[in-house]
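Right, one structure below, let's go through it.
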Amino acid sequence: MKIGFIGAGKVGTTLAKAFVERGLTVTGFFSRTSESAIFSADFTKTKAYDRLALLVAESDTIVLTVPDDAIKSVIKSLETLPLKGKTICHTSGVYSIDEIFPHRDLLGACGIGLHPLYPVHDKVSVWRTIHEATFTLEGDHESVATLQHTLTNLGFTVKPIEPQHKAAYHAAASIASNFTCALLEQSLRLMAKSGFSEREALDALRPLLEANLAHLLASGPQTALTGPIERNDIGTVTKHLHALATDYERRRYAMMGLSVVDIAKGRHPTTDYSQLIELLESFS
């Protein structure tokens, strides 16, 4: 397997470095900016290509690590080149290979959707820990089986998924990762009202967040749930709502609170949460 990358950003550079360090053959990078291709090639000890056709000719697996909105235009460029026997692999978490490259069989090519479930926040360090990620795969059966075997042998965790479920899968990842940032940002603003600097607030919240996350991952949301909503503490929730500065913040608290009530009801099926639900619905 000779792997070439189109796109030399954080994901492409991270995957290429992780693959090279585990003994796979990476040919190199083609990018719309030569500087990024040169940087990533130097970092991974591979080659920077100034022509897409040359990278395709020298690779049997071409991995597209470009923004989702750019994938289809890259595919159009690829369709003008000889692709017989090539495997085209994209790294979008939300699109299936059939949506991106529906006519690949007419060109004699195969297709895979490969997505690392991991926050890739820079080009130069994440490759050291990305082996902790689960990689999801979908696409042409034989190519998926081959790549799954390869990645599994390299120590990666791989989970094949059905293409029609990719949007739900990616939404789940975004909620768990990105939406957490929004909730923490609101928490930090409330801590600031209490006299904490951002650094002091992050340090103060760290034990709470880390302990709760560890419990969540070990036991699931229902078992890990604590707090005033789980206790059906209407007075405390009322004070929370009035402590929030804007109607938008109160609506967000109320909507999330109703979701927490659903979890709490599963844990305490005999508890009457009707008054608490009425309170939260009046703000939502």
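The values are calculated or read from the model by the stated rules, or taken from the named source; none is laboratory data. Just so you know, these numbers come straight off a predicted model, no measurement behind them. Here Cβ is always computed from backbone atoms with ideal geometry, including for glycine, and neighbour counts include all displayed protein chains. What goes into the accessible areas is simple: the full protein's heavy atoms, side chains included, and nothing from ligands, DNA or RNA. Shrake-Rupley method; radii C 1.70, N 1.55, O 1.52, S 1.80 Å.
Listed values, structure above:
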read-out: With Cα atoms, 0 to 90° folded angle of helix 141-153 axis to the chain main axis; value: 70
read-out: Under-30-angstrom lysine pairs by C-alpha in the range 40-186, whenever the two are 8 or more apart or on separate chains; value: 28
read-out: Pair SER34, ARG51: separation of 7 Å Cα→Cβ label points (nm); value: 1.4
read-out: GNM result for the chain, Cα springs below 10 Å: residue of PRO221, PRO269, PRO160 fluctuating most strongly; value: PRO269
read-out: Under 5 Å, built H, 5+ apart or other chain: amide partners of THR136; value: HIS115, LEU117, LYS159
read-out: With all protein chains modelled, accessible area of SER259 [1.4 Å, Å²]; value: 60
read-out: Separation of the LEU205 and ARG267 label points, Cα + 7 Å toward Cβ, nm; value: 2.0
read-out: Listed residues SER174, SER92, SER197, most fluctuating in the chain (Gaussian network, C-alpha, under 10 Å); value: SER197
read-out: Carbon/sulfur fraction of accessible area - the range 116-246, other protein chains in place, 1.4 Å, %; value: 61
read-out: Interchain or long-range residues, amide H under 5 Å from THR25's placed H; value: ILE3
read-out: Contour excess over end-to-end distance, with Cα ends at ALA243 and ASP42 and 0.36 nm allotted per residue; value: 67.1 nm
read-out: Computed magnitude of the charge dipole of the chain (debye, nearest 20; Cβ of K, R +1, Cβ of D, E -1); value: 500
read-out: Accessible-area composition of the range 3-101, carbon plus sulfur, in percent [1.4 Å probe]; value: 53
read-out: Å² per residue, accessible surface of the chain at 1.4 Å; value: 54
read-out: Test item: Cα-centred dipole of the range 1-87, Lys/Arg +1 and Asp/Glu -1 on Cβ, debye; value: 160
read-out: Sequence ranges 21-32, 236-247, ranked by mean other-Cβ count within 10 angstrom, highest first; value: 21-32, 236-247
read-out: Estimated distance in nm for a label pair at ALA182 and GLU162, the labels positioned 7 Å out from Cα along Cα-to-Cβ; value: 2.8
read-out: Candidates ALA37, ALA48, ALA264, ranked by Gaussian network fluctuation over the chain, Cα under 10 Å, top entry; value: ALA264
